[in-house]
Amino acid sequence: MKNKYWADLGASVVVFLVALPLCVGVAVASGVPAELGIVTGVVGGIVVGLLPGSTMQVSGPAAGLTVLVADAVGRHGIGALGVIVLGAGLLQVALGLARCGRWFRAISPAVVQGMLAGIGLVLIFGQLKPIVVSPVAIALGLMTVVIMLGWQRTPLKVVPGMLVGVVVSTAVAAVFASDVDKIVVGTLSADVHLPNLSLLDTGVIGTAVVFALVASAESMFSAAAVDRMHDGPRTQYNKELVAQGVGNTICGVLGALPMTAVIVRSSANVSAGARTKASRVLHGVWLLVFVVAAPGLLTLIPVAVLAAVLVHAGWKLLGLGQLLPLWRKDRMEVAVLVLTAGLIVATDLLTGTIVGLLAAVVKTAWDVSRLSVVVTADGVALRGNATFLRLPRLLDELERVDREHVRMDLSEVRHLDQACGQAIDQWVDESRRAGRTVELVGR
């Protein structure tokens, strides 16, 4: 029992060290005060961590929502952020109570990967500006990324490379480059505020719905991935969706960032040997202690350093290592992925995801509509699923039939939709008017 508690304590420290730079970086990239990111991390750790749903999954501000938040703040102002997040949280609670949790898993993996890749690209492009503003910023950014990547190859990799990169680069900047832009940190009393419901309009409501759907989907995908990493209790998806909704409702009341379950923190939690929910709750406690006792430390961090952390996070979201195996297996899946990612970059997250989903549905319909049209000595034999997607091919084959007696065998047709059924009936009528004898089998 004592070993279990010590394991959770150690894991909580590791998750805290991973979460801290991400909370701050996501907030800065989203265009909101840095401390609001930590507030969301605190709520995700302590509140969501205590609620039923998942055991190992850790919640907080996510890089995947950065694009959405930045766009919402740009459109409606930071004052409306609390209203949006509050609405998203209440909708998540309603969806969880309606037992919709598992439905969020019924999405094509290609669309999910495309969504993450698109977010990653937008994140990378958006964070290049703070890095390339000067040679010093470029050097700090490159140093941060090199340390993050190299640290994972050392025996001390139990300490998160992300934290090491931020600390070392910040120390170098403090000694040699004191004139670089650094994070601006205010006070919690000034930045944490109740939502202004007078800002509620159709645009805000629509944004809240998008927040709820994207955050829910990301949390459910994360839950499925984390469940494969450990042998403990499985996620209860409906309860987890309610827990995420409660967390976002509280974040909305505080005017903070929205939250999701975050795969980076969750995997760090599992890898660090966590056994119970205590690890994720304690990580929220450490974030709370930090934001109360030492918020001034954040002002030492150069903006370019945090931008490098987010560029690295965006690169990991791209998932380039999955493209080649997917290409070998199903090239149309890659096409759906690229379409989704490209539209997210060119337009916005909602448009790209919706078009990607529609493309995935069309692809699936095409795949299941396998129709074999075989011209035999007796006539024509159809096998498979005859849907409107295969109608042009069916008509082409029927037009080639030139016999006085035609036997049309439909006994192996698993599904015949109205379009193909009408086309066959019309062809039979025309053939009979032309003096042919048509024998239908299996219909």
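The values are calculated or read from the model by the stated rules, or taken from the named source; none is laboratory data. Keep in mind that this is a model prediction, so the values were computed, not measured. As a convention, Cβ positions derive from the backbone with ideal geometry for all residues, glycine included, and neighbour counts pool all protein chains shown. Just the protein is used for accessible areas: all its heavy atoms, side chains included, with ligands, DNA and RNA removed. Shrake-Rupley method; radii C 1.70, N 1.55, O 1.52, S 1.80 Å.
What residues have an amide H closer than 5 Å to that of residue 380, excluding those fewer than 5 places away on the same chain, when H is modeled at 1.01 Å from N in the peptide plane?
Amide H neighbours of residue 380: 407, 408, 409.
I'd like the orientation of helix 303-318 relative to the chain: the angle between its Cα long axis and the longest Cα principal axis, in ° from 0 to 90, rounded to 10.
Rounded to the nearest ten degrees, it is 20.
Relative to the compact-globule scaling 2.2 N^0.38 Å, provide the ratio for the alpha-carbon radius of gyration of the stretch 2-101.
My calculation over the Cα atoms of the stretch 2-101 gives 1.21.
Taking the Cα atoms only, what angle lies between the long axis of helix 109-131 and the longest principal axis of the chain, rounded to 10 degrees?
Orientation of helix 109-131: about 40 degrees from the principal axis.
Under a straight-distance cross-link criterion of Cα-Cα below 14 Å, which aspartates and glutamates are reachable from residue 129, leaving out those fewer than 8 residues away in the same chain?
Filter leaves 181.
Pop a pseudo-label 7 angstrom from the Cα along the beta-carbon direction at both residue 354 and residue 6 and give the gap in nm to one decimal.
5.5
Return the tail of the calculated pair distribution for the stretch 314-386, meaning the percent of Cα-Cα pairs more than 22 Å apart.
Values: 1117 of 2628 pairs.
Beyond 22 Å sits 43 percent of the P(r) for the stretch 314-386.
For the chain, with a Gaussian network of springs between Cα atoms less than 10 Å apart, report the residue from 188, 310, 140 with the top mean-square fluctuation.
Judging by the Gaussian network model, the answer is 188.
Report the extension gain between residue 154 and residue 374 in nm, rounded to one decimal, defined as 0.36 nm multiplied by the number of residues separating them, less their alpha carbon distance.
72.9 nm
Once you treat every alpha carbon in the stretch 290-431 as an equal point and sum by Debye, what is log10 I(q)/I(0) at q = 0.11, 0.16 Å⁻¹?
For the stretch 290-431 at q = 0.11, 0.16 Å⁻¹, log10 I(q)/I(0) is -0.66, -0.94.
Using only alpha carbon pairs under 8 Å that are at least six residues apart, calculate the relative contact order of the chain and give it in whole percent.
Reported as a whole number, the value is 28 percent.
How large is ³J(HN,Hα), in whole Hz, for each residue of the stretch 194-209 in order, when computed from phi with the Karplus curve 6.51 cos²θ - 1.76 cosθ + 1.60 and θ = phi - 60°, using x for Gly and Pro?
6, x, 8, 5, 5, 7, 5, 8, 4, x, 5, 5, x, 5, 4, 5
What accessible area, in Å² to the nearest ten, does a 1.4 Å probe give for residue 198?
Surface open to solvent at residue 198 totals about 90 Å².
For log10 I(q)/I(0) by the Debye sum over Cα atoms at q = 0.08, 0.09, 0.11, 0.12 Å⁻¹, one of [x] -0.44, -0.56, -0.81, -0.96; [y] -0.54, -0.63, -0.84, -0.95; [z] -0.49, -0.62, -0.93, -1.09 was computed from the structure I shared and the rest are decoys. Which label?
Recomputing log10 I(q)/I(0) by the Debye sum over Cα atoms at q = 0.08, 0.09, 0.11, 0.12 Å⁻¹ here gives the entry labelled [y].
For residue 411 and residue 184, what does the FRET efficiency come to when R0 = 51 Å and r is the distance between their Cβ atoms, rounded to the nearest 0.05?
0.10
Which sequence of 363, 239, 182, 129 reflects their accessible areas, 1.4 Å probe, from the largest down? Show your work: numbers first, answer last.
Details: 363 20, 239 100, 182 60, 129 155 Å².
Largest to smallest exposure gives the sequence 129, 239, 182, 363.
For the stretch 318-443, calculate the relative contact order in percent as a whole number, restricting contacts to Cα pairs under 8 Å that are 6 or more residues apart.
With pairs under 8 Å counted, the relative contact order is 18 percent.
Mind giving me the FRET efficiency for residue 196 and residue 328? R0 is 60 Å, r the Cβ-Cβ distance, nearest 0.05 is fine.
Numbers: r = 52 Å, r/R0 = 0.87.
For residue 196 and residue 328, the calculated efficiency is 0.70.
Short version: ³J(HN,Hα) in whole Hz for each residue of the stretch 135-147, in order, from phi by Karplus 6.51 cos²θ - 1.76 cosθ + 1.60 (θ = phi - 60°), x for Gly and Pro, what are they?
My calculation for the stretch 135-147 gives x, 5, 5, 4, 4, 5, x, 4, 4, 4, 5, 4, 5 Hz in order.
So which trypsin sites (Lys or Arg not before Pro) in the stretch 66-162 end up in coil per DSSP with only 16 or fewer other C-beta atoms within 10 Å?
99, 153, 157
With a point put 7 Å past each Cα toward its Cβ, work out how far residue 174 is from residue 234 in nm, to one decimal.
The answer from the label model is 4.9 nm.
For helix 278-293, report the angle its Cα long axis makes with the longest principal axis of the Cα atoms of the chain; keep it between 0 and 90° and round to the nearest 10°.
Helix 278-293 sits at roughly 50 degrees to that axis.
For the stretch 406-417, what does the Karplus curve 6.51 cos²θ - 1.76 cosθ + 1.60, with θ = phi - 60°, yield as ³J(HN,Hα) per residue in whole Hz, taken in order and with x for Gly and Pro?
Karplus values, whole Hz, x for Gly and Pro: 10, 9, 9, 9, 10, 5, 9, 7, 6, 8, 10, 7.
What whole-number volume per residue, in cubic angstrom, does the convex hull of the C-alpha atoms of the stretch 86-239 give?
For the stretch 86-239, the hull spanned by Cα atoms encloses 208 Å³ per residue.
Multiply the residue separation of residue 102 and residue 395 by 0.36 nm, subtract the distance between their alpha-carbon atoms, and state the gained length in nm to one decimal.
101.4 nm
What aspartates and glutamates does residue 363 reach when the alpha-carbon gap must be under 20 Å and sequence neighbours fewer than 8 apart in one chain are set aside?
Qualifying aspartates and glutamates at Cα under 20 Å: 330, 333, 417.
For residue 94 and residue 142, compute 0.36 nm times the residue count separating them, minus their Cα-Cα distance, and round to one decimal in nm.
On the way: separation 48, 0.36 × 48 = 17.28 nm, distance 4.46 nm.
Value of the extension gain: 12.8 nm.
For a quick check: with amide H placed at 1.01 Å from N, whose amide H comes under 5 Å from residue 108's, ignoring anything fewer than 5 positions away on the same chain?
When sequence neighbours closer than 5 places are left aside, there are no close amide H contacts.
Using amide H atoms built 1.01 Å from N in the peptide plane, name the residues 5+ places from residue 53, or on other chains, whose amide H lies under 5 Å from its own.
For residue 53, the qualifying residues are 236.
Residue 76 accessible area, nearest 10 Å², 1.4 Å probe?
Accessible area, nearest 10 Å²: 60 Å².
Summing +1 for each Lys or Arg and -1 for each Asp or Glu, what net charge is found among the other residues whose Cβ lies under 12 Å from the Cβ of residue 185?
Cβ neighbours under 12 Å give a net charge of -1.
With +1 on each Lys and Arg Cβ and -1 on each Asp and Glu Cβ, how big is the dipole of the stretch 27-158 about its Cα centre, in debye rounded to the nearest 20?
I would put it at about 340 debye.
Please give the solvent-accessible surface of residue 420 in Å², to the nearest 10, using a probe radius of 1.4 Å with every protein chain present.
Counting only protein heavy atoms, residue 420 exposes about 0 Å² to solvent.
With label points built 7 Å along Cα→Cβ from the Cα atoms of residue 437 and residue 300, find their separation and express it in nm.
Output for this residue pair reads 9.7 nm.
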